[in-house]
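Contents: one structure, followed by commentary.
Any read-out appearing in this document is the output of simple, stated calculations on the displayed coordinates, not a laboratory observation. All values derive from a computational prediction rather than experimental measurement. Cβ: placed from backbone, ideal geometry, glycine included. Neighbour counts: every protein chain shown.
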Amino acid sequence: MSSTAPLKATSPAKVILFGEHAVVYGQPALAVPVASLRATALIEPSEQFRILAVDTGRSVSLDALAEMVDDALWRMAKLTLDFFHAEPPKVTITLTSQIPPASGLGSGAAVSAALGRAVALAVGKTISQDELNPLVYEVERIYHGTPSGIDNTVIVYEQPVFFMREHPIERLSIKAPFGLIIADTGKASLTKVAVGDVRTLYDADRVRIQPLLERIGQVSRAARTALESGEIETLGRLMNENHELLQQLTVSSPELDALVSAARDADALGAKLSGGGRGGNMIALVDETTRQAVQDALIKAGAARVLFTLVQ
Ligand code: PMV
């Protein structure tokens, strides 16, 4: 690798608009990238191959590579090197991320995707989205246990997706751009635990849970139609219904419910939790006239961080 300008690779955060949890059971889900929040991997020449994860203060080097198969960063680096039949390059890859971890914004998949791209660059290759996506999925299994694959897909392709397990990826077309406020409860929550609890519920009472999952699937399909035809108010109503269904799946929390109510009381067109739930983030649909009031209401209701994004 040349020792001139440092190379870097980045990947975005994501939010799930509809269908989380039900997507694990084969129902469709909708997700969009959040371009303003990113994970970055900076590549610089060094004596030996090293990955530095600045946010967590971790630094691991080449000799650990063989042993740390359960470590997500090392697994990603190794999968990418193996994909190209390449030896570890003499570089330090420094990882930084603006995406809060364990909060439903896809931080793990974004870091993996940026790292995979950086490792490819460091061995003089570029990795296509179709090549990178299964490698990131493989690493997601360390974080999630049984991931549906939606996080890695929306993050690697960096485009709105209509996602169903074991179906070709479909790009979601959005007729009219709309505003979303993403608000963080400030409470970290592991998706793996919430997904496991829904599984326990499903196994114990399939007769009650299966129709909830199917109804979420219908909501996601209706939301796709609303997005394709620019019916923003319908979209808001569907977000509200999706949140109620997620409450029944036990993946909301008092903190999430408080933010969802505050957003609705401030005239958001709709609001729901996003991602694994129990903590992490919620989303509220706003227009120019409600944006500021909803943002203020969310902060007053205890949101740790509030971010506006225009989905288009
Ligand atoms: O918490 P997140 O943003 O990683 O979202 C997980 C989405 C789930 O549907 C709950 C799990 C999955 O693998 O799809």
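Okay, here's what the table says:
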{"read-out": "Normalised per residue, the volume of the convex hull around the Cα set of the stretch 243-304 (Å³)", "value": "69"}
{"read-out": "Computed [θ] at 222 nm, deg cm²/dmol, the chain (DSSP H ≥ 4; -39,500 (n - 2.57); rounded to nearest 500)", "value": "-13500 deg cm²/dmol"}
{"read-out": "At most 10 other Cβ within 10 Å, DSSP loop - trypsin sites (Lys or Arg not before Pro), the stretch 213-296", "value": "none"}
{"read-out": "Relative exposure of Ile43, Ile16, Ile93, judged by other C-beta atoms within 10 Å (fewest first)", "value": "Ile43, Ile93, Ile16"}
{"read-out": "Extension gain, Asp130 back to Gln292 (0.36 nm per residue minus Cα-Cα distance, nm)", "value": "54.4 nm"}
{"read-out": "Residue-wise HN-Hα coupling along the stretch 17-30, computed from phi with Karplus coefficients 6.51, -1.76, 1.60 (Hz; x: Gly, Pro)", "value": "7, 8, x, 4, 6, 4, 4, 5, 9, x, 7, x, 9, 10"}
{"read-out": "Potential lengthening between Glu166 and Ser36 on full extension [0.36 nm per residue; Cα-Cα distance subtracted]", "value": "43.9 nm"}
{"read-out": "Under Karplus coefficients 6.51, -1.76 and 1.60, residue-wise ³J(HN,Hα) of the stretch 42-55 in Hz, glycine/proline x", "value": "9, 10, 9, x, 7, 5, 8, 6, 8, 10, 10, 9, 4, 4"}
{"read-out": "Average projection area in nm² (convex hull over Cα atoms of the chain, one quarter of hull surface)", "value": "15.9"}
{"read-out": "Ordering of 225-236, 240-251 by burial proxy (mean other Cβ atoms within 10 Å per residue, highest first)", "value": "240-251, 225-236"}
{"read-out": "Ranked His167, His21, criterion: other C-beta atoms within 10 Å, fewest first", "value": "His167, His21"}
{"read-out": "29 Å Cα-Cα reach of Lys78 towards lysines, excluding residues that sit fewer than 8 places from it in its own chain", "value": "Lys8, Lys14, Lys90, Lys125, Lys192"}
{"read-out": "Residue order, fewest to most beta carbons within 10 Å, for Asp205, Asp265, Asp151, Asp197", "value": "Asp205, Asp265, Asp197, Asp151"}
{"read-out": "Net charge dipole size for the chain [Lys, Arg +1 and Asp, Glu -1 on Cβ; Debye, nearest 20]", "value": "100"}
{"read-out": "Within the stretch 83-185, GluC sites (Glu not before Pro) in DSSP loop having at most 13 other beta-carbon neighbours inside 10 Å", "value": "Glu166"}
{"read-out": "Estimated FRET transfer efficiency (Asp82, Thr250; beta-carbon r; R0 30 Å; 0.05)", "value": "0.15"}
